[in-house]
Amino acid sequence: MTLAPAAKASWSRGRIRTLGLVLLLLLLLGFPQIYPKSYVMGVMCRILLYAILAGSLNIINGYSGQFNIGHAGFFCVGAYSEALFAMKIGMSFWAALPLGGIMAALIGLVVSLPTFKLRGVYLAIVTLGASELIRLVALNWEGLTGGPMGVKGIPAPVLFGLRISKATRYYYIFLFLAVLFFFVTDRVVKSRVGRAWVAIREDEAAARSLGVETARYKAMNFMYGAFWAGIAGAAFAPYFKFISPDMFNLDEGFNILSMVIIGGQGTLAGPAVGAVIVNFLTEVLRPVAQYRMVLYALLIIGMMWLRPQGLVGVSNSILAERKAWRSRRKAAAPGGAAR
Amino acid sequence: MAYYISQLINGICQGSIYALMAIGFSVVMGVVGLVTFTHGEVIMLGAFASYYAFAMFGNHLLVGILASFGASFLIGVVIYKVCYERFFDAPHHISLLCTIGMSMLLKNLAQILFGPNFKPLLEVLPNRFYGVGSVGISLVQLTVIATVISLSLLLFLFFNRTRWGVQLRAVCQDRKAASLMGINVKLTSMLGNCIGCGLGGVAGMLLAIYYQTLIATMGGPAGMKAFSASVLGGMTNVPSAALGGVVLGVVENLGITFTNASFRDVFAFLFLLGVLILRPEGFARKLGNRS
């Protein structure tokens, strides 16, 4: 996160940015009218969905520097909550949507409990284990979730008596959620809470010594990220009409992670860019679908070699250590240190 | 009662496979000092190497061990060059993400090369049982336990009786001091990484023989088990990692006797979460500084 430079310069830059965002929004709003093919609409729906998912992962990984690689678990909780509330109790989509988010946030709170003690890899493996645990519960609790057969025939949402069934109509729901997500998150990361998250990312000990209650802020961070993943899951369930535990396996988690890494960590635009690139590649590579994950893997490795913070990630941060690391290496070179 | 005893034997046998994986993992962790997420894929590749070796040269256990160790050793070189060599001085999450990418790469390449289906691996060893009363132990289980114990002893001798072993332990303790003593730290790290990977590969072969089947996606759960056992042992401590593996195997098998077999991985994960929350340093006295 760059701090605002001189007030005057940021004013004009801010205006240009606002103008660009409004234009982008208008373009996205008008897109179904310009180009109403259902295939393209489906791709756009997925891009918006994954923009929310990758964005919510970026809140955890990019802003507070925790290491969550099991984001598919929260996605799964949201999707299953919405599906089960709608199917078993007959709750409407609009009531089940926030409930899906809240359920995921509660799970997020539980997962964040070990973060008070653990860092780095230990935390990564806890999130990975939690994600698998959630999937295994969904797989084995057949009485509630239908087990490996999944949940079928999830009812479509109804808005003002209008049944939302076509991709074009879902597109507006996803667009609304994505805009809401980016607006709210923009406000949050610029607030005191967001600054606390960034402080934890850059140096946790220093943050604590300056009076940041790291445990509380980390728990909030996890809950906030999980909440939006849950919302994305809850919106995804009726759109896909069918969910099964297989859709939320570790590969799905790595898929979301690769968007964040390729797009860029620690900025709002990064995950959105990543979602566009990865989903675009998915469509381009459809004829050679089995090489798709191979390409993502190569992209992740390439990113780490060349630009660890991602395409549009934060540059003046611990996430983009490469510059400092190179200069340290140069300084070490004349001495001929053994490593 | 006999049922519980045979479950205990199953647990110890499975646990010794986990122990071998965890030994490999801990050697990598200790020598390289960076965490790997590729260990599961290395295990899977070892299993496939032994599968093809058995098909080509006949069913001799030694052939399988050599093939899986050799193949995983070579993969270890690649992993070291791609994921670790450049990143010793960089923040740890960079090499971590690199190993995640590498694991995705290996898994999906394996799915393309070896096909997405289960492959049967039958009759490597004759299907024979030795029993006292109703408690039995199969030849496969005996072989697995014997292989793990003898490889652990070999590793112990290697670490304590050879020049390379001493260098490896020195690098484990302090990279900078080791380099000041004239040890080629880069080469030693690579050797340690490769040995850890090779042991993982042999564990993969044992896993395939034990379950009589192998698949390109077997790496994920296996890697998690290796990690759990290694965490239980304190991450870099090799003997207690082995103990952790056995404990994990026993807990898993006793857990599923009270429920059903589909909860096997649930128990493993709950156990791991419990250990991480209650005692993150595992059996070791203090937390390794590799977090």
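Compute the longest continuous run of chain B that contains no exposed trypsin sites (Lys or Arg not before Pro); treat a site as exposed when its DSSP state is not H, G, I, E or B and it has at most 15 other Cβ atoms within 10 Å. Could you put the intermediate results ahead of the total?
On the way: sites that count: B:R128, B:R285, B:K286.
By the stated rule (loop sites, at most 15 other Cβ atoms within 10 Å), B:129-284.
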Over the protein assembly as shown, the sum of -39500 (n - 2.57) across DSSP H runs of at least four, divided by residue number and rounded to 500 deg cm²/dmol, gives at 222 nm -23500 deg cm²/dmol
Per residue of B:103-115, other chain Cβ atoms within 10 Å number on average 4
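Given the pairs A:K166/A:K218; A:K190/A:K241; A:K37/A:K241, which span a C-alpha to C-alpha distance of over 29 angstrom in this model?
Among A:K166/A:K218; A:K190/A:K241; A:K37/A:K241, the Cα-Cα distance tops 29 Å for A:K166/A:K218; A:K190/A:K241.
Which whole number gives the average count of other chain Cβ atoms within 10 Å of the Cβ atoms across peptide A:293-300? Each step should come with its number before you reach the end.
Values: counts 7, 8, 2, 4, 10, 4, 1, 7.
What the average comes to for A:293-300 is 5.
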Between the Cα axis of helix A:214-240 and the main Cα principal axis of chain A, the angle (0 to 90°, nearest 10) is 40 degrees
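What percent do you get for the relative contact order of region A:16-104 when only Cα pairs under 8 Å and 6+ apart count?
Working: 34 pairs, mean separation 16.2, N = 89.
Answer for region A:16-104 is 18 percent.
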Phi-derived 3J(HN,Hα) across region B:175-189 with the Karplus relation (6.51, -1.76, 1.60, θ = phi - 60°), rounded Hz, x for Gly and Pro, is 5, 5, 4, 4, 5, 5, 7, x, 8, 6, 5, 4, 5, 5, 4
Length-normalised contact order of region A:38-247, Cα under 8 Å, at least 6 apart, in percent, tallies to 44 percent
Distance in Å, no decimals, from the C-alpha centre of region B:84-122 to the one of region A:187-249 is 27 Å
Residues meeting the amide H criterion for B:L214 (H placed from the backbone, H to H distance under 5 Å, 5 or more places apart or on another chain) are B:K119, B:L121
Taking B:L8, A:L159 and counting other beta carbon atoms within 10 angstrom, the fewest-first order is A:L159, B:L8
Scanning the protein assembly as shown, every Cys lacking a C-beta partner under 4.7 angstrom -> A:C45, A:C76, B:C13, B:C172, B:C194, B:C197
For the B:F158, A:A205 Cβ pair and Förster radius 45 Å, calculated FRET efficiency rounded to 0.05 is 0.70
The helix A:292-306 Cα axis meets the longest alpha-carbon principal axis of chain A at an angle in degrees, between 0 and 90 and rounded to 10, of 20 degrees
Amide H neighbours of A:L159 at under 5 Å, excluding residues fewer than 5 places away on the same chain, with H built from the backbone geometry, are A:I164
With a ≥ b ≥ c from the Cα gyration tensor eigenvalues, square-rooted, and the rule rounded for a/c under 1.5, otherwise prolate when a/b > b/c and oblate otherwise, chain B is prolate
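Given an 8 Å cut-off on Cα distances and at least 6 residues of separation, report the relative contact order of chain B as a percent. Please list the in-between numbers first.
Values: 504 pairs, mean separation 109.2, N = 291.
Dividing the mean separation by the residue count of chain B yields 38 percent.
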Sequence order, region B:149-154: Karplus ³J(HN,Hα) from phi using 6.51 cos²θ - 1.76 cosθ + 1.60, θ = phi - 60°, Hz rounded, Gly and Pro as x, gives 5, 5, 5, 4, 5, 4
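What size of dipole, in debye to the nearest 20, comes out for region A:38-247 about its Cα centre when the only charges are +1 on Lys and Arg C-beta atoms and -1 on Asp and Glu C-beta atoms? Walk me through the numbers before you get to the answer.
Details: 18 positive and 9 negative charges, 74 e Å.
With Lys and Arg at +1 and Asp and Glu at -1, about 360 debye.
What net charge do the residues around B:S228 carry, taking every other residue with its C-beta under 15 Å from that of B:S228, with Lys and Arg at +1 and Asp and Glu at -1?
On the way: positive: B:K225, B:R264, B:R279; negative: A:E132, B:E252, B:D265, B:E281.
Its environment carries a net charge of -1.
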So B:L113 and B:E85, fully extended at 0.36 nm per residue minus their Cα-Cα distance, gain in nm 7.4 nm
For A:61-71, A:138-148, ranked highest to lowest by mean beta-carbon neighbours within 10 Å, the order is A:61-71, A:138-148
Checking B:F114, B:F159, B:F258 against a Gaussian network model of chain B (alpha-carbon springs below 10 Å), the top fluctuating residue turns out to be B:F258
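Neighbouring Cβ atoms within 10 Å as the yardstick, rank B:S103, B:S230 fewest first. Each step should come with its number before you reach the end.
Values: B:S103 26, B:S230 34.
Going from sparsest to densest Cβ surroundings: B:S103, B:S230.
Ignore the peptide's own chain and count Cβ atoms of other chains within 10 Å of each Cβ in B:32-39; give me the average, rounded. Present the calculation step by step, with values, prior to reporting the outcome.
Details: counts 0, 0, 1, 5, 1, 6, 0, 0.
Average neighbour count from other chains, rounded to a whole number: 2.
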Exposure proxy check on B:M21, A:M41, B:M104, A:M259: fewest-to-most Cβ neighbours within 10 Å is A:M41, B:M104, A:M259, B:M21
Karplus ³J(HN,Hα) for region A:121-137 (6.51 cos²θ - 1.76 cosθ + 1.60, θ = phi - 60°; Hz, whole; x = Gly/Pro) runs 4, 4, 5, 4, 6, 5, 5, 4, x, 5, 4, 5, 4, 4, 5, 5, 5
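FYI, it's all coordinate maths here, none of it is from the lab. Here the structure is a predicted model, which is why all the values come from computation and not from measurement. So basically every Cβ, Gly included, is an ideal-geometry build from the backbone, and we count neighbours across all protein chains shown.
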